[in-house]
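A.B. asks: I have a structure I would like to understand better, so I am pasting it below and will then ask my questions one at a time.
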Amino acid sequence: MLATAGVALCASSALALTPPGDLAPPGGSPIVFPLVGAATYSDDFGQPRGQGPHEGNDILTTWRSPAVAAEDGTIKFWTTSARAGCMLYLYGTSGTTYLYIHLNNDLTAKRDNKGKCVPGVAYMDGLKNGAKVRAGQQIAYNGDSGDAEGTYHLHFEVHPKDGAAVSPFPYLNAATKLLFPLPTKAIKPVTLGLRGIPLSAGGGMLEMSVTGVRVWPGGAWTAVPARSVELLVPPDALLDRSVAAQIVAPTRRALSSRTVVPLVVVTRPAKATFEVSTGSPGTLSVDHIQLG
Ligand SMILES: [Zn+2]
């Protein structure tokens with residue numbers, strides 16, 4: 001177990017140190033990027049902070065962005081550190097422990113600090129302390145609790161073999177990024193909206209550069225870092241007449257950047273598996289396409 005007393009948190013940064021040597025992700029398989037949606041980070045591991053070297057990387061993104069499990073494991077809530085604020089340990093099945101620090105403690109976007117470190121505020125609704133989670137499952141909400149007040153970010157730490165912290169930077173760079181966070185229980189199918197630019201099409205396929213994702217039921221449009229997603233185009237998919245000729249071609253070909261227009265693809269319902277959440281080729285089918 002890790003003691004929070006040893007965790008150097010996110011006071012204002014000073015000089016950048018040369019980062020320590022990179023370590024490959026555990027087991028050679030990449031972790032899941034701990035936040036879903038557009039986010040920025042740098043290798044600020046080891047930078048001098050108020051209480052000593054910075055023991056993680058700070059990942060900046062918006063209020064209440066979903067934080068997801070980096071790998072399969074068991075979570076533990078930690079609510080008693082003034083500096084960390086609302087915090088969570090993920091004990092991964094690989095033996096690596098991950099720390100999620102500065103989770104949400106606001107009930108409104110006005111940084112009210114009126115929320116407690118409880119499910120529905122800091123942690124995912126309905127999540128129980130000690131629960132087993134799967135990689136990509138939403139476990140928490142991004143925030144600015146503890147000494148992060150005023151700067152929404154996730155302080156993310158990686159502790160191989162539950163030991164000393166190493167730089168998360170190579171893990172983050174190699175991480176698998178999700179289109180959407182996995183629900184607690186994957187019982188109901190999800191329908192996705194994908195906004196982006198078509199790259200190639202034909203032969204029953206459509207490849208898009210996706211920059212926005214929406215999940216039904218319940219979701220709102222979320223910006224994601226641009227990424228290529230390949231979709232199946234069934235013969236009975238409904239296509240806006242203006243783009244149908246480009247998309248329904250007998251063989252696949254690249255689309256001219258002069259003629260493509262932004263599109264919104266709505267998928268057929270799909271079970272919320274890890275492969276679907278990563279947009280693996282062949283896992284998503286087009287239901288209909290509108291102009292974006
Ligand atoms: Zn930090």
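The values are calculated or read from the model by the stated rules, or taken from the named source; none is laboratory data. Note that the coordinates shown come from a computational prediction; the quantities given were computed from them, not determined experimentally. Don't worry about glycine lacking a Cβ; one is built from the backbone with ideal geometry, like all the others, and counts go over all protein chains shown. Only protein heavy atoms, including side chains, enter the accessible area calculation; ligands, DNA and RNA are left aside. Shrake-Rupley method; radii C 1.70, N 1.55, O 1.52, S 1.80 Å.
A.B. asks: In segment 53-63, how many residues are surrounded by 15 or more Cβ atoms within 10 Å (Cβ to Cβ) and either at positive phi or assigned to a strand (DSSP E or B) (or both)?
C.D. replies: 4
A.B. asks: Can I ask one more? Considering segment 103-114 alone, what residues qualify as being in contact (Cβ under 8 Å) with a residue 24 or more places away in the chain and either over 20 Å from H155 (Cα atoms) or surrounded by 16 or more Cβ atoms within 10 Å (Cβ to Cβ) (or both)? First the steps, then the outcome.
C.D. replies: Residues of segment 103-114 that are in contact (Cβ under 8 Å) with a residue 24 or more places away in the chain, as a first pass: 103-106, 109, 111, 113.
Within segment 103-114, L103, N104, N105, D106 meet the criteria.
A.B. asks: Another question, then. So which of L263, L284, L238, L255 ends up being of a type outside the set (D, E) and at pLDDT 95 or above? Steps first, please.
C.D. replies: On the way: L263 fails: at pLDDT 95 or above; L238 fails: at pLDDT 95 or above; L255 fails: at pLDDT 95 or above.
Exactly one residue qualifies, and that residue is L284.
A.B. asks: Restricted to segment 30-52, and to residues that are assigned to a strand (DSSP E or B), more than 11 Å from the ligand (Cβ to nearest atom) and at negative phi, which residue is surrounded by the fewest Cβ atoms within 10 Å (Cβ to Cβ)?
C.D. replies: Quick first cut of segment 30-52, residues assigned to a strand (DSSP E or B) only: 32, 35, 40-41, 48-49, 52.
Cutting the leftovers down to more than 11 Å from the ligand (Cβ to nearest atom) gives us 32, 35, 40, 48, 52.
Right, trim to at negative phi and you get 32, 35, 40, 48.
Values: V32: 24, L35: 27, T40: 10, P48: 15.
The qualifying residue surrounded by the fewest Cβ atoms within 10 Å (Cβ to Cβ) is T40.
A.B. asks: Looking at T283, T278, T273 in this structure, which one is outside the structural domain of F33 (by TED's automatic domain parsing) and touching a helix residue (DSSP H, G or I) at 6+ places or on another chain (Cβ under 6 Å)? Can you show your working first?
C.D. replies: On the way: T278 fails: touching a helix residue (DSSP H, G or I) at 6+ places or on another chain (Cβ under 6 Å); T273 fails: touching a helix residue (DSSP H, G or I) at 6+ places or on another chain (Cβ under 6 Å).
Testing whether each residue is outside the structural domain of F33 (by TED's automatic domain parsing) and touching a helix residue (DSSP H, G or I) at 6+ places or on another chain (Cβ under 6 Å) leaves just T283.
A.B. asks: Something else: Quick check on segment 172-202: of everything there that is within 30 Å of A245 (Cα to Cα) and among the hydroxyl-bearing types (S, T, Y), which residue is surrounded by the most Cβ atoms within 10 Å (Cβ to Cβ)?
C.D. replies: Once the filter is applied, the top-ranked residue is S200.
A.B. asks: If you don't mind, there's one more thing I want to ask. Can you tell me how many residues in segment 237-292 are basic (K, R) and within 28 Å of A135 (Cβ to Cβ)? Spell out how you get there, then give the answer.
C.D. replies: Keep residues of segment 237-292 that are basic (K, R), which gives 241, 252-253, 258, 268, 271.
When the remaining residues are screened for being within 28 Å of A135 (Cβ to Cβ), the result is 268, 271.
The qualifying residues number 2.
A.B. asks: Right, something else. Would you mind stating whether S94 is assigned by TED's automatic domain parsing to the domain that holds G146, away from the ligand (no atom under 11 Å from the Cβ) and open to solvent by less than 20 Å² (accessible area, probe 1.4 Å)? Outline the logic, then answer.
C.D. replies: Values: assigned by TED's automatic domain parsing to the domain that holds G146: yes; away from the ligand (no atom under 11 Å from the Cβ): yes; open to solvent by less than 20 Å² (accessible area, probe 1.4 Å): no.
No: the conditions fail for S94.
A.B. asks: May I ask you to verify whether F169 is surrounded by fewer than 23 Cβ atoms within 10 Å (Cβ to Cβ), aromatic (F, W, Y) and not assigned by TED's automatic domain parsing to the domain that holds R252?
C.D. replies: Details: surrounded by fewer than 23 Cβ atoms within 10 Å (Cβ to Cβ): yes; aromatic (F, W, Y): yes; not assigned by TED's automatic domain parsing to the domain that holds R252: yes.
Spelling it out, F169 is indeed surrounded by fewer than 23 Cβ atoms within 10 Å (Cβ to Cβ), aromatic (F, W, Y) and not assigned by TED's automatic domain parsing to the domain that holds R252.
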